[in-house]
Amino acid sequence: MLNQLNIKYPIFLAPMAGVSTPALAAAVSNAGGLGALGLGSSTIDGAIHQIKQTKLLTPNAFQVNFFCHEEYKLDKEQEKDWIHFLSKEFFRLGKEAPTQLQQLYSSFKNNDDYTNLLLDTKPKAVSFHFGLPSYSQISALKSSGILTMVSVTQLSEALEAQALGIDILIAQGIEAGGHRGMFNPSRESGIFTSDLVSILIEHPQIQLPVVAAGGIMAGDAIRKMLDLGASAAQLGTAFIQCEESAANQSYKNALFQQKNTQITDIISGRPARGLISQWHQILASCHEVQHSGYPYTYDIAKKLSTLDPAFSIYWAGSNVSNIRRLNAQALMETLIEELL
Ligand SMILES: Cc1cc2nc3c(=O)[nH]c(=O)nc-3n(C[C@H](O)[C@H](O)[C@H](O)COP(=O)(O)O)c2cc1C
């Protein structure tokens, strides 16, 4: 299946909404890996533009990525409580808290605009996070020759994905930076990347290729995953520091200064791993308050993060301390040298 992508080395760039760029995706694809665009937070026009730009920068395959979360019905009481809980932080900064929370992004699932975008622009591969698209969407994508992939965090999700016709499984272990890909955000499996790869490879019913993701920072870790039976490894955190990434300088600096990460759902409304910040400190004071669900919770968190650097949102994997300062091409060359 992976042969269809014609990649030279089994190294995938993780799609990272807000961080990946056409230049980063193309640099990885041009170096023989699979570049990626995280388009889950983009508008339709923005996504089309990024895909076109990437095609101009590389003749090689790359993947694009969308969110397939179940749309959350905002509970007005919960919205009020969550805004009230955070309002003291806005007050401290001399600002008004928002009165309403916005649904920042919609789901790919059953959204024809997204399907048509892919049928028109025809990237070689598309991956999904937080769940699966509908059967008819998968059929339409596959009929037009687009490979489909999905992040899975546990066996049941892998079996569901395979039954629906997905082509490749991205096995996301608990070490991974950014959002956990669970289909149901309250069903955390907590499985390490290498264990998840083994579970999927050894399971008699799983026939699909498995790509390992989570905590992989160097060629020896990629080798370990391939030895367990993975077809490739997907790296996110290692690439955030690249000059081609859209991460701002404070984010890039923080990756070299801090080494501890934690998972919490109070930043976006879904569990996600990032550098320790003020968010993780206020957790204790919100035991009684329920956040407003994804992506509504993310809306107020993003607003607060732009007002106070202590509330910055810096997603990163648990092995961030092994990060190296290299541009995308140099990082790819280093990973390939370490791997071979
Ligand atoms: C900054 C950041 C943003 C991410 N955004 C996405 C995304 O938009 N879509 C997605 O499928 N995965 C996303 N992820 C998760 C990655 O696909 C992948 O699982 C993770 O980066 C692997 O762990 P690592 O960061 O330790 O390499 C993101 C990860 C990070 C660090």
**Of all residues in the stretch 132-150 being open to solvent by less than 20 Å² (accessible area, probe 1.4 Å) and in contact with a Ser or Thr (Cβ under 7 Å, 6 or more places away or on another chain), the one that is farthest from Phe62 (Cα to Cα)** = Gln137
**Asked** Considering Ala36, Ala27, which residue is more than 12 Å from the ligand (Cβ to nearest atom) and of a type in the set (A, V, I, L, M)?
**Response** Ala27
**Request:** Select from the stretch 60-75 the residues that are within 24 Å of Phe130 (Cβ to Cβ) and open to solvent by 20 Å² or more (accessible area, probe 1.4 Å) and list them in ascending order.
**Result:** Phe67, Glu70, Glu71, Tyr72, Lys73, Leu74, Asp75
**Asked** Which of the residues belonging to the stretch 102-131 are within 27 Å of Glu79 (Cα to Cα) and either open to solvent by 10 Å² or more (accessible area, probe 1.4 Å) or not in a loop (DSSP other than H, G, I, E, B) (or both)?
**Response** Gln102, Gln103, Leu104, Tyr105, Ser106, Lys109, Asn110, Asn111, His129
**Asked** When both residues are 6+ apart or on different chains and their Cβ atoms are under 7 Å apart, which pairs have a first residue that lies in the stretch 223-240 and is assigned to a strand (DSSP E or B) and within 13 Å of the ligand (Cβ to nearest atom), and a second that is open to solvent by 10 Å² or more (accessible area, probe 1.4 Å) and at pLDDT below 95?
**Response** Ala232/Leu2
**Request:** Could you grab me the full set of residues in the stretch 45-59 that are open to solvent by 10 Å² or more (accessible area, probe 1.4 Å) and within 16 Å of the ligand (Cβ to nearest atom)?
**Result:** Gly46, Gln50
**Request:** Give the residue that is farthest from the ligand (Cβ to nearest atom), with candidates limited to residues of the stretch 192-206 that are in contact with a helix residue (DSSP H, G or I) (Cβ under 7 Å, 6 or more places away or on another chain) and in a loop (DSSP other than H, G, I, E, B).
**Result:** Gln205
**Message:** Any residue at all in the stretch 169-186 that's polar (S, T, N, Q) and surrounded by fewer than 24 Cβ atoms within 10 Å (Cβ to Cβ)?
**Reply:** yes
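Residues checked against (1) within 20 Å of the chain's Cα centre (by Cα); (2) outside any loop (DSSP other than H, G, I, E, B); (3) more than 12 Å from the ligand (Cβ to nearest atom); (4) not small (Gly, Ala, Ser):
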site: Gln290; (1), (2), (3), (4): no, no, yes, yes
site: Thr297; (1), (2), (3), (4): yes, yes, yes, yes
site: Lys303; (1), (2), (3), (4): no, yes, yes, yes
site: Ala310; (1), (2), (3), (4): no, yes, yes, no
site: Ile313; (1), (2), (3), (4): yes, no, no, yes
site: Ser318; (1), (2), (3), (4): yes, no, no, no
site: Arg325; (1), (2), (3), (4): no, no, yes, yes
site: Gln329; (1), (2), (3), (4): no, yes, yes, yes
site: Glu337; (1), (2), (3), (4): no, yes, yes, yes
**Message:** Condition first: of a type outside the set (A, V, I, L, M), without any contact (Cβ under 8 Å) to a residue 60 or more places away in the chain and within 18 Å of Pro59 (Cβ to Cβ). Now tell me which residues in the stretch 1-38 satisfy that.
**Reply:** Asn3, Asn6, Lys8, Pro22, Ser29, Gly35
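The values are calculated or read from the model by the stated rules, or taken from the named source; none is laboratory data. Just so it is clear, the structure is predicted and the values come from calculations on it, not from any experiment. Please note: Cβ atoms are built from the backbone with ideal geometry, for glycine as well, and neighbour counts cover all protein chains shown. Keep in mind that these areas ignore ligands, DNA and RNA; they rest on the heavy atoms of the full protein, side chains included. Shrake-Rupley method; radii C 1.70, N 1.55, O 1.52, S 1.80 Å.
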